[in-house]
1. Filter segment 201-234 down to the residues that are among the charged types (D, E, K, R) and free of Cβ contacts under 8 Å to residues at least 40 places away in the same chain, then identify the one that is farthest from Val53 (Cα to Cα).
2. Taking Pro523 and the conditions (1) touching a Pro at 6+ places or on another chain (Cβ under 8 Å); (2) farther than 28 Å from Leu148 by Cβ, which numbered condition does it fall short on, given that it satisfies the others?
3. Note down all Cβ pairs under 7 Å where the first residue falls in segment 315-337 and is under 18 Å from His276 (Cβ atoms), the second is among the aromatic types (Phe, Trp, Tyr), and they're at least six residues apart or on different chains.
4. Just to be sure I understand, how many residues within segment 358-402 are out of contact with any helix residue (DSSP H, G or I) (no Cβ under 6 Å at 6 or more places or on another chain), among the polar types (S, T, N, Q) and farther than 19 Å from Val341 by Cα?
5. Just a yes or no: is a residue in segment 395-407 part of a helix (DSSP H, G or I) and under 20 Å from Asn230 (Cβ atoms)?
6. Taking Gly105 as the residue in question, decide whether it is more than 16 Å from Leu286 (Cβ to Cβ), touching a Ser or Thr at 6+ places or on another chain (Cβ under 6 Å) and surrounded by fewer than 23 Cβ atoms within 10 Å (Cβ to Cβ).
7. Could you please give the count of residues in segment 402-435 that are buried (at least 22 other Cβ atoms within 10 Å of the Cβ) and touching a His at 6+ places or on another chain (Cβ under 8 Å)?
8. Restricting to segment 304-313, count the residues that are of a type outside the set (A, V, I, L, M) and either surrounded by 23 or more Cβ atoms within 10 Å (Cβ to Cβ) or part of a loop (DSSP other than H, G, I, E, B) (or both).
Amino acid sequence: MNHFFKVSLGRFVYGLNRIHPNCTRQLSQSTRNFEPGSWESTEGLVQCSANYVPLSPISFLERASKVYRDRTSVVYGSVKYTWNQTHQRCLRLASALTHLGISPGDIVATLAPNIPAVHELHFAVPMAGAILCTLNTRHDSAMVSVLLRHSEAKVMFVDYQLLEIAHGALDLLSSTDTKPPILVLIPESDGSSPTNLASNTYEYETFLETGHNEFEILRPKNEWDPISVNYTSGTTSRPKGVVYSHRGAYLNSIATFFLHGMGAMPVYLWTVPMFHCNGWCLIWGLAALGGTNICLRRVSPKGIFDCIALHKVTHMGGAPTVLNMIVNSPSSDRKPLPHRVQVMTGGAPPPPQILFKMEEMGFGVSHLYGLTETFGPGTYCMWKPEWDSLPPDERSKLQARQGVHHLGLEEVDIKDYVTMKSVPPDGKTMGEIMFRGNTVMSGYLKDLKATEKAFSGGWFRSGDLAVKHPDGYIEVKDRLKDIIISGGENISSVEVETALFSHPAVLEAAVVARPDDHWGQTPCAFVKLKEGFNVDAQEMIKFCQDHLPHYMAPKTVIFEDIPKTSTGKVQKFILREKAKTMGSLS
């Protein structure tokens, strides 16, 4: 038994070393510390192929192709597939990748919205033994080039509407020593896309036909092998690639559809970006349930209501921004709901009034919380029956809490981030939210120092501040780091400040979050100009838009002196209060 453990561990090291060469040293230390339990001396026990298979969400698709063979798996406009067809297409796609030279441990990137190809790649890439890296479609060419270089992606699948951004990223890569990835263009479903493709660019459907559906899946040798890398939205100038394991993806898929209250054969509307935490792991989870994926390229209230009415959608998800779009949509965009539609929301804490309005419209809303490092959802506000009798405003406030950890995690706690002691459950004492369990990331790609910092003390440190209520439910109060959450996307105040400081007229700059009725939060910039300069707010905003992805540019610029401590540190808590007193943007 001890021999088997060491062999399995060695296989894992081989798989993970493709992206994290330092893992060998760390795991060797773990092996030395391993103490066999008493059960290992019990005669008659054996671990073999009959009773052990490494956990992987690939198995969900294989089962779906048999159990839900003729049921609809994907719908996108006029395109419709069954689970058997999806399975066959994924096999051919995995085969095509191996023919292209993709080997176990290689990274395959995507730059595409919620379309069938991204759904297929979530299965096909790991079936080829490779690692999936879904890039944020809101990134500009500069950020895409940084992430491609960091991940060393061998192939990138690009939606036809984002081809210009991809080409810009490859042009930037050409000036470095990084070999650019091979491009595979994903056309629109009706075939309308550029036809004059470069020599190193393939067309998706043509590429898929180069594979065969008798492909033998390259299964993970160890369930802790990487399945995907998710970048933390480019929130810092130094990108962090969060590595997910097959085991974690398998368990979080189950945990997420469980907390979403999904039964067999749900109909799920994709308003959560598939690139974000692998769609909260529900791309894999829906295969386990034989669900139907309704793909939506662009999220709009009319598109949401049309899809619900046409496809009888049962579940959907999204940031509070999506909820806000729905409740403030014009009556002309709305259609009567065929039944109660369950909505899972997360990102920024949702305003209680938005939750109340959603309930009034016939949606059932569940609130979750998590990070990229926890595979997306980590906690959820599990509803208690006794809350049903409370007044609507009290119910909404309770519903806005981040709640308790799901079944895939071992524990979530609020701790003093210095002493590591748990804070009292008084609803007042703040501490840092910390996680431990099987659905916490394996680590940061090529960044051992950041990984060790995140796991110091034996817990994953979220960087978020919260309180714990007497019933054990947690409630986020502030960010330990000055991250702005806008439309479910993380924006680094440091990056925005860096762009502002590059303006010749700027002497000092500080950026904080300002409440926004649509986006949840937007960047608010406080700027002090150099003497003799005269710049207005619109010019400053336009400057930032030219140097950053537009969603990261400040929506508000205030010209005034910036408060500091005696040591010169900006007092951001004062600026945050000023931004709040200015009122919400609408």
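1. Here is the first cut: in segment 201-234, the ones among the charged types (D, E, K, R) are 203, 205, 209, 214, 216, 219, 221, 223, 225.
Then drop every residue that is not free of Cβ contacts under 8 Å to residues at least 40 places away in the same chain, which leaves 203, 205, 216.
Details: Glu203: 35, Glu205: 33, Glu216: 16 Å.
So, considering only residues that are among the charged types (D, E, K, R) and free of Cβ contacts under 8 Å to residues at least 40 places away in the same chain, the one farthest from Val53 (Cα to Cα) is Glu203.
2. Only one criterion is unmet by Pro523, namely (2).
3. Close Cβ pairs satisfying both conditions: His315/Tyr268; Met316/Tyr268; Gly317/Trp280; Thr321/Trp519.
4. Within segment 358-402, residues that are out of contact with any helix residue (DSSP H, G or I) (no Cβ under 6 Å at 6 or more places or on another chain), among the polar types (S, T, N, Q) and farther than 19 Å from Val341 by Cα number 4.
5. The initial filter retains those residues of segment 395-407 that are part of a helix (DSSP H, G or I), namely 395-399.
In the following step, the residues that additionally are under 20 Å from Asn230 (Cβ atoms) were identified as none.
No: zero hits.
6. Details: more than 16 Å from Leu286 (Cβ to Cβ): yes; touching a Ser or Thr at 6+ places or on another chain (Cβ under 6 Å): no; surrounded by fewer than 23 Cβ atoms within 10 Å (Cβ to Cβ): yes.
Answer is no for this residue.
7. Selection size over segment 402-435: 4.
8. Initially, segment 304-313 is screened for residues of a type outside the set (A, V, I, L, M), giving 305-307, 311-312.
Right, trim to either surrounded by 23 or more Cβ atoms within 10 Å (Cβ to Cβ) or part of a loop (DSSP other than H, G, I, E, B) (or both) and you get 312.
Residues in segment 304-313 being of a type outside the set (A, V, I, L, M) and either surrounded by 23 or more Cβ atoms within 10 Å (Cβ to Cβ) or part of a loop (DSSP other than H, G, I, E, B) (or both): 1 in total.
The values are calculated or read from the model by the stated rules, or taken from the named source; none is laboratory data. If you're wondering where the values come from, they're calculated on a predicted model, not measured in any experiment. All Cβ positions, even for glycine, are placed from backbone atoms using ideal geometry, and neighbour counts span all protein chains on display.
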